[in-house]
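A short worksheet on the structure shown next.
The numbers here are math on the coordinates, done by the rules we state, and not lab data. The shown structure was predicted, so the numbers you read here are calculated from the model rather than taken from an experiment. Reconstructed Cβ throughout: ideal geometry from the backbone, glycine too, with neighbour counts over all protein chains shown.
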Amino acid sequence: MIPLRDTKIDQIKHGLYVVSTPIGNLGDITLRAIEILKKSEYILCEDTRISKILLQRYDINSKLISNHKFNEKKNLKKIIELLKYKKVISIISDAGTPCISDPGSILINECIKNDIKIYPSPGASATSSAISISGFSEKYFFYGFFPEKNKELIENLNILKNLNCSIIFFVSPKKINKAMVPIKKYFSDRKILICREISKFYEEYIRKDVNEIEPFDKTPKGELTVVLSEKKENKNTSNNLSESDKKNIEKMIKILSIKDISNLISQNNNISKKQIYNYCLKIKNEK
């Protein structure tokens, strides 16, 4: 993509700005994000204590409103009223982009109902950062955090295991060892990349086949982004035809086409259709 130059970059319209913040290194914030946050009359923060570290670094002195999953519904009426008075308000999360496994969706939908303008301010993302270095398919499904209820998790994994694309999970450090159990059960035919502390001082990237992953000896520090590869192509087509397969083919070739025989035999065996096809031709040529 070729970015277009914005000749009106200094104009900040009233409305709600969804501002991405660094996922680790504070230097990863964009110049536009700093500008928007400085010109915001209010900034909605997931945790004001964490946000102040970033805001003080860039001399941003806008008024802060605590806005997390436990009070966002309670805040809703007040924030919508402020936005109706044509205020410039930004919403940020502790790290990354609001609404992506973080608070914000409730407010976004209320703004849509009230015809309030919403603007994204793109920036750092754990999902795109992880997929960019994975070496896996660029087509991916973002799942987010595992649900609390095991029944719901199992139902979802039974669906996800059939997706032939990369799959991204967020996992808390306390739950990573527990999460490895269903991951190994449902995705044994894939590769895995475990990203820890992306862009921070102790960042770490673990690459293995899913079957090779082992539990952490100690609870790791920092949120983990787990990327599973697309399904491995089953290239193990070197299994040879058994004697029973050969006998079956010799019987079937009298009444079925080579194509039908290849389909039937390959369905139940890890044998390439080409190998079956060649054996059928061999029999026909011998007659």
**OP:** With unit charges on the beta carbon (Lys/Arg positive, Asp/Glu negative), name the residue among Leu224, Cys280, Ile192 whose Cα is farthest towards the positive pole of the charge dipole of the chain.
**Re:** Cys280
**OP:** Quote the relative contact order of the chain in percent (integer), defining contacts as alpha-carbon pairs under 8 Å separated by 6+ residues.
**Re:** 16 percent
Original post:
Between Lys273 and Lys246, what length in nm is gained on full extension when 0.36 nm per residue of separation is reduced by their alpha carbon distance?
Top reply: 8.4 nm
Original post:
With charges only on Cβ, +1 for K and R and -1 for D and E, what is the dipole size of the chain about its Cα centre, in debye, rounded to 20?
Top reply: 600 debye
Subject >> Efficiency of FRET between Ser128 and Lys175 - r from beta-carbon atoms, R0 35 angstrom, step 0.05 >> reply: 0.95
**OP:** Return the FRET efficiency for the residue pair Lys282, Glu152: r is the Cβ-Cβ distance, R0 is 45 Å, and the value is rounded to the nearest 0.05.
**Re:** 0.25
Original post:
So for Tyr17, Tyr58, Tyr186, fewest C-beta neighbours within 10 Å to most, what's the order?
Top reply: Tyr58, Tyr186, Tyr17
Original post:
Between [x] 37, 22, 20; [y] 34, 27, 21; [z] 53, 21, 18, which matches semi-axes √(5λ) of the Cα gyration tensor in Å calculated for the structure shown?
Top reply: [z]
Subject >> Relative counts (whole %) of C-alpha pair distances in the stretch 15-123, using bins that are 10 Å wide >> reply: 15, 55, 27, 2
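Calculate, for Glu81 and Asn61, the FRET efficiency according to 1/(1 + (r/R0)^6) with r their C-beta to C-beta distance and R0 22 Å; round to the nearest 0.05.
Given R0 = 22 Å and the Cβ-Cβ separation, E is 0.45.
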Subject >> Theoretical ellipticity at 222 nm over the chain - DSSP helices of four or more residues, -39500 (n - 2.57) apiece, nearest 500 >> reply: -11000 deg cm²/dmol
Subject >> Links that overshoot a 18 Å alpha carbon limit, given the list Lys86/Lys117; Lys69/Lys151; Lys149/Lys174; Lys185/Lys273; Lys178/Lys232 >> reply: Lys69/Lys151; Lys185/Lys273; Lys178/Lys232
